[in-house]
Structures are given as structure tokens and as C-alpha cells.
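Bear in mind that the values in this text are calculations on the coordinates, not laboratory data. If you're wondering where the values come from, they're calculated on a predicted model, not measured in any experiment. Glycine gets a Cβ as well: all are built from the backbone with ideal geometry, and neighbour counts include every protein chain shown.
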Amino acid sequence: MKNQQLSEFNRNERPVFHLTPERGWMNDPNGFSRYGGQYHLFYQYYPDATCWGPTRWGHAVSEDLIKWERLPDAMIPDRDYDIGGCFSGTALTCEDGRHMLMYTGCCPDPEDRQDRGLQTQCIAFGDGTKYEKYRSNPVITADKLPQGGDSHEFRDPKIWQEQDGTYRAVIANHNADHGAQILLYRSADGLDWEFVKALADTGDKPGWMWECPDFFPLEDRDILMTGTMGEVHTICRIGKYDHEAETFREDCWQSMEQGFDFYAGQTVPADDGRRILIGWMQNPQTAQKRGIDFPINGQMSIPRELTLDGGRLLQKPVRELESYRTDGVTYRDVILEDGEEIRLDGIRGRTVDMELSLRLGEQEAEGTSSYEMFRMRFAADGEHYTEFTYEPQTSVVTMDRNCSGPGKTELTRVQTKTRDRKGRMDIRVLLDRLSAEIFINDGEQVMSAVIYTDRHAEDITFYVKGTAMMDIAKYRIKENK
Ligand code: FRU
């Protein structure tokens with residue numbers, strides 16, 4: 001890749017408030033943690049090409065989850081046991097103050113007919129900048145799998161420490177009988193591990209293999225979150241973990257993303273008690289099929305604050321983003337007339353944070369009219385646009401990037417049902433140079449999309465069938481170099 005191409009990309013196309021790799025390929029967030037007073041985020045990184053290759057751990061730090069500083073890579077695949085990649089994992093702070101990483105080492109297995117790598121769990125220690133792999137790696141190998149557990153689908157440890165100082169880890173695994181399963185391991189010192197049990201398995205949920213489990217407390221519940229392979233999803237099970245009995249009782253589960261591009265989420269507790277989620281803003285099935293020549297492939301989602309409301313998980317962009325807002329433009333009681341596509345002065349751009357509140361037109365209270373469909377197009381010019389629609393009668397929302405231009409994949413349209421709010425719809429729309437994220441009704445649902453539309457396509461338009469009223473507050477997000 002030519003340096004000139006990279007500097008042009010940096011100037012004009014690189015996302016402004018989403019973490020991207022300096023060059024090449026990025027996938028899952030790893031080791032999302034607080035250490036030394038900062039947020040640390042590692043990530044699956046292959047700098048030599050814009051497709052997946054044996055991954056290392058890229059590393060970035062942040063004070064506020066929006067502005068990131070890239071540090072030297074924390075680990076590269078350079079040992080027999082991880083030469084095929086330092087796969088995903090997590091981090092914690094040891095009692096002696098070291099930053100501890102637990103990850104999956106992948107190495108070739110000449111015996112495997114499908115040419116899959118052998119996966120084992122490994123440890124590294126560091127000081128927030130430099131990391132060294134533990135000399136007796138790997139620490140969990142195939143002999144510690146339960147019967148039937150596949151050693152080629154055994155990855156992505158999530159490590160935590162219990163109150164008594166002992167360690168636990170949950171690890172994703174495939175078992176021919178149970179499909180996907182999440183295995184629980186126990187250790188006194190974080191180095192010598194024993195298998196405890198399968199904490200959860202596929203049951204009625206999607207996916208033949210689950211990846212990247214995260215397991216964390218939220219308010220009075222515990223959440224087990226996984227990426228599912230097959231039909232790609234991120235799902236979370238909401239329930240209660242009994243730390244004595246080491247059992248997880250699930251109350252309900254939900255899908256965490258209704259758009260195209262969100263996977264392999266990880267959370268971190270902030271110092272003020274918030275639980276923050278970040279994900280790879282990409283769909284693993286389409287990530288390598290975009291057919292355009294860009295110096296990078298991959299970016300992180302906006303970090304999301306998680307809360308529970310009546311047993312349902314809500315997600316909102318981290319509040320830190322609000323201090324990057326500038327050039328505010330607001331409108332109240334805008335009347336959208338039947339069949340008229342409108343633009344509003346000042347409502348445009350490609351680095352945008354916009355709140356939009358939609359309700360029935362004025363006569364609606366008397367029941368004289370209603371609207372059948374609301375449509376917003378953004379990243380639009382004469383030719384290209386990405387579209388969000390809402391049909392109040394059925395409560396269906398749709399995101400469509402069929403006309404978004406270059407780099408389009410076959411996955412161009414997603415649909416989901418929202419809660420019926422009698423024609424009311426509140427959305428928060430974040431646009432960065434290569435993406436759109438739409439938070440619906442205070443974060444009950446989220447739709448994320450990577451788009452590669454030309455950066456000059458800055459229009460935003462609104463249209464209804466019927467009549468509706470709308471309030472809007474729109475800000476530009478400042479560049480934070
Ligand atoms: C998920 C994943 C993980 C694995 C990593 C390898 O996207 O497949 O399960 O650790 O990517 O890069």
C-alpha cells in the first residue's frame with residue numbers, strides 16, 4: 001500500500017470518532033479493561049493486508065472512549081502455540097499490579113482434515129505498554145475439554161476474579177452433541193486451570209458455534225453475551241449467576257443488534273459504575289467481500305452504555321460523545337406533509353449526532369389521519385443514499401443500504417419489529433465517515449451499518465406517507481486529533 005494513499009485516506013475518509021486500525025485488517029475488540037487510570041482496548045489486528053491473516057493484538061488507550069491513542073502492538077503470533085494467530089481474549093489487573101491478558105493461541109494441526117487450527121488458552125503479562133507471554137503457555141489445552149469438545153473450536157476466554165481471589169474463565173467451544181457451549185474453568189492463581197462444567201449450551205438459541213463470550217454483572221442481573229456463528233448475531237442471556245453453586249439461571253434472552261454490522265462485543269466497567277460495551281462494527285460473513293480498495297478494513301462501534309429496564313437490555317452511545325458535539329441545529333414541530341420529500345437547513349453531514357422525535361400529525365389526536373410510513377435517507381446525493389424507514393401500523397423498521405454505492409455486500413436490507421408506540425418513534429443517529437448507527441426508542445434496539453458511500457454525499461432527507469410531526473436536534477462531531 002502506498003503511503004500517499006494512506007495519508008489521503010487519513011485526511012478524507014478515516015472515521016473521526018470510531019477506532020480504526022492504522023492500516024490493514026481489524027476484527028474483534030480484546031482485553032477491554034481499565035488499567036493505570038485509562039481504558040485499554042486491544043483488537044484482532046493484521047496490518048499486512050485488508051483481509052484476515054494471523055492476528056496479533058493491536059493496542060489503543062483512551063481517557064474518554066472517544067479519542068484513542070494507538071500504542072505498539074501488545075502481542076504478535078510468534079510462538080509454536082500461537083503462530084496461526086493470537087486470537088481473542090480478555091484482560092484483568094492482577095493483585096501485584098500487572099495487567100494480565102488471557103487469549104487463544106491458534107496453531108496449525110497437520111492431522112485436521114479440514115485444515116483448522118488447534119486452539120489453546122494462553123496468558124501474557126504487561127505494564128500497560130509492553131506485554132510478555134507466560135513461559136509455560138498454553139495454560140488450557142485439549143486435555144481439559146469435556147468429552148466431545150472440539151479442540152479446533154475452543155476459544156476466546158473471558159477471565160474474571162471472584163471475591164475470594166480465585167479466578168474463573170468462560171470459553172467458547174463446539175461439541176458435536178450440544179452444538180455451541182460455554183465452558184467454565186477455575187484456577188487458584190490464573191495459571192493452573194481445571195474444567196468445572198458447561199455453563200450454557202445452544203438449547204433453543206441460534207448458532208452452531210458461539211464465540212467471544214462476555215459474562216458480567218449488570219444492576220441486579222448477570223449477562224452472558226456471545227457472538228453466534230451461522231446466522232450472525234450477538235445475543236445476550238439475562239439471568240442470575242450463583243457464585244457458590246456456579247450455575248447460571250437464564251430468565252430471558254435477546255438479540256443485541258438489529259442492523260448489519262456488530263459482532264464480538266466486550267464490556268468494561270467504568271469507574272463510575274457504568275457498564276460499557278464495544279463491538280467490531282462489521283459482519284464476519286461479509287467483512288471480506290466488499291470489493292473496494294481501501295487501506296483499512298475494520299472499525300469498532302461507538303461504545304454503548306448498558307442498562308436494564310424491566311428485564312430488557314437498553315444500549316445508548318456513551319455520554320462522553322456529547323462533549324464532541326458542535327454546531328447544533330434544532331427544529332421543533334416540523335410538519336411532514338404527505339408525499340413531500342424535505343431537507344432542512346443545516347441538517348446534513350457525515351460526522352453527525354442527531355436526535356429525532358417523530359409523532360403523529362396534529363389532527364391525529366382526533367383520529368382524523370395518520371401516517372403509514374416515515375422514511376429518512378442519509379449519506380445521500382443525487383444517486384446514493386442509505387435508508388431508514390418506520391411503519392407505525394406494523395411497528396416495523398427497516399435499514400436499507402442497497403443504494404449506498406461502492407463496497408456493497410450482498411447483505412443490504414435488515415428489518416425488525418419495534419415496540420408499538422402509537423406513531424411515536426425516537427431515534428438517535430450517529431454518522432461517521434464510513435458508518436451509521438441508529439439507536440431506536442432510547443436504545444431498545446440498535447441498527448449499525450458500514451457504508452462506503454462517497455464522502456460528498458452529505459444530504460439527509462425526510463418523507464412520510466400521511467402526515468407527521470418531528471423535532472430534531474443535530475450536531476456535528478468535531479474531529480478529535
Ligand atoms: C470472531 C473470531 C474469534 C477469534 C477471532 C480470530 O470474529 O473468529 O472467535 O478469536 O475472530 O481473529
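Summary of values
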| read-out | value |
| --- | --- |
| Rel. contact order, % - alpha carbon contacts under 8 angstrom, at least six apart, the chain | 13 |
| Cα centroid separation - the range 407-439 against the range 120-172, whole Å | 37 |
| Spin-label model distance (nm) - residue 323 vs residue 308, 7 Å beyond Cα toward Cβ | 3.0 |
| Kirkwood hydrodynamic radius over Cα pairs of the chain, then Stokes diffusion coefficient at 4 °C and 1.567 mPa s, in µm²/s | 56 |
| Label-to-label distance, nm, for residues given as residue 147 and residue 285 (7 Å Cα→Cβ offset) | 3.4 |
| Nearby lysines by direct alpha-carbon distance to residue 478 (threshold 25 angstrom, same-chain neighbours under 8 apart not counted) | 67, 316 |
| Cleavage-rule hits (GluC sites (Glu not before Pro)) in the range 414-481: DSSP loop, at most 14 neighbouring Cβ within 10 angstrom | 479 |
| Estimated FRET transfer efficiency when R0 is 41 angstrom, pair residue 62-residue 413 (beta carbons, to 0.05) | 0.75 |
| On Cα atoms only, tilt of 3-12 relative to the major axis of the chain in degrees | 50 |
| Charged-residue dipole, Cβ positions (Lys, Arg, Asp, Glu), the range 324-477 about Cα centre, Debye nearest 20 | 480 |
| Cα-projected label distance for residue 246 with residue 70, points at 7 Å along beta-carbon direction, nm | 4.1 |
| About the Cα centre, charge dipole magnitude for the chain (Lys/Arg +1, Asp/Glu -1 at Cβ), debye | 780 |
| Listed residue pairs exceeding 26 Å between alpha carbons, taken from 158/205; 289/474; 197/240; 205/240 | 289/474 |
| Residues residue 398 and residue 125, FRET efficiency given R0 of 51 Å [Cβ-Cβ distance, rounded to 0.05] | 0.60 |
| Computed helical MRE - 222 nm, the chain, DSSP H runs ≥ 4 contributing -39500 (n - 2.57), nearest 500 | -500 deg cm²/dmol |
| GluC sites (Glu not before Pro) restricted to the range 93-202 and DSSP loop, no more than 14 other C-beta within 10 Å | 95, 111, 162 |
| Separation between Cα centres of the range 288-364 and the range 216-270, rounded to whole Å | 25 |
